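Notes for the one structure printed next.
The values are calculated or read from the model by the stated rules, or taken from the named source; none is laboratory data. Because the structure is predicted, anything quoted here is derived from the model rather than measured. Backbone-built Cβ (ideal geometry, glycine too); neighbour counts: all protein chains shown.
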């Protein structure tokens, strides 16, 4: 009998904890992909330029950068469950802060809410992945993690769907006249203020509902008995560990490559909307392009996992990097719909 048949991927006694922790993968995918269109939404509602609007992503991913190491230290000192509960609490607080942010109509308040929200996401991503690995036999750990991670794109696509149908489609500041011109730009300051208040409430509502849903998940995880796993204590400080691993050339250079990759990915997801807008495509109509890009991205993950059986990882990374450079140049220099398709 094969090992996969004799060894359960998830033991029966851990099925409920596994399901609850797996929902977190969808929840942070949702947060990531509902936020990408918000750059363009805030730009229009608050009349920002591209640089000012991009602070949405700076706040979002800045939260990850700030809290990733503290989250790892917390999980090492306490437990995965406590790390997840703290992450959910921060996630809910950040989402619920959209309510007062919309009331004050301050962009900085929204940025602070996103920053705190991603403190929570950093805790969830840092702790949920190893927690899933620990929920069962070591020989099925990879299968368990792959199964949990399959729910991340479901959350991502749900985030885009909500953004398209309940946010971008309802923003009055995105309305255009018969000539294709923005109606918002022609309004008086009094009328603009009214539209701005209404649109910020439209942006606010999904996040507030999300915050309430996170509280429900928090309560469920708090009351359900979980395996009390935590990082093994090697006796080495975090500082010494970081210093040691950065002495490994492949790790050090891999971190640099990852930095460029994540930056490129964020810009692709974010600026599809602005690129489409220059072609006369409104934000709501641009969402299918973003969804298509996400589907291509997900297919690419599976295709490349298959290719790794036949191509060295370093060489495959090089080939894909060269393709990325070619497509980036195409996006810059080939105008019109061709450029959008290349992006």
Inset, instruction - Quickly run through the stretch 248-276 and pick out the residues that are touching a helix residue (DSSP H, G or I) at 6+ places or on another chain (Cβ under 7 Å) and under 22 Å from residue 333 (Cβ atoms). - result: 264, 266, 268, 269, 270, 272, 273, 274, 275, 276
Legend entry - Filter result for the condition that a residue is at pLDDT 85 or above, out of contact with any strand residue (DSSP E or B) (no Cβ under 6 Å at 6 or more places or on another chain) and surrounded by 14 or more Cβ atoms within 10 Å (Cβ to Cβ), over 310, 273, 319: 273
Inset, instruction - Kindly establish whether residue 69 is assigned by TED's automatic domain parsing to the domain that holds residue 221, modelled with pLDDT under 95, over 17 Å from residue 213 (Cβ atoms) and part of a helix (DSSP H, G or I). - result: yes
Inset, instruction - From (1) over 12 Å from the mean Cα position of the chain (by Cα); (2) crowded, with 23+ Cβ neighbours inside 10 Å, pick out the condition that doesn't hold for residue 31. - result: (1)
Inset, instruction - Give the residue, chosen from 332, 299, that is within 26 Å of residue 64 (Cα to Cα) and without any contact (Cβ under 8 Å) to a residue 24 or more places away in the chain. - result: 299
Legend entry - Condition met for residue 287 (surrounded by 11 or more Cβ atoms within 10 Å (Cβ to Cβ), within 30 Å of residue 77 (Cα to Cα) and not assigned by TED's automatic domain parsing to the domain that holds residue 137): no
Inset, instruction - Test residue 95 against the stated conditions and say whether it is crowded, with 21+ Cβ neighbours inside 10 Å, modelled with pLDDT under 90 and either farther than 22 Å from residue 217 by Cα or within 17 Å of the chain's Cα centre (by Cα) (or both). - result: no
Inset, instruction - With respect to residue 83, determine if the residue is under 28 Å from residue 295 (Cβ atoms) and either part of a helix (DSSP H, G or I) or touching a helix residue (DSSP H, G or I) at 6+ places or on another chain (Cβ under 8 Å) (or both). - result: no
Inset, instruction - Kindly establish whether residue 36 is closer than 25 Å to residue 287 by Cβ, modelled with pLDDT under 95 and buried (at least 16 other Cβ atoms within 10 Å of the Cβ). - result: yes
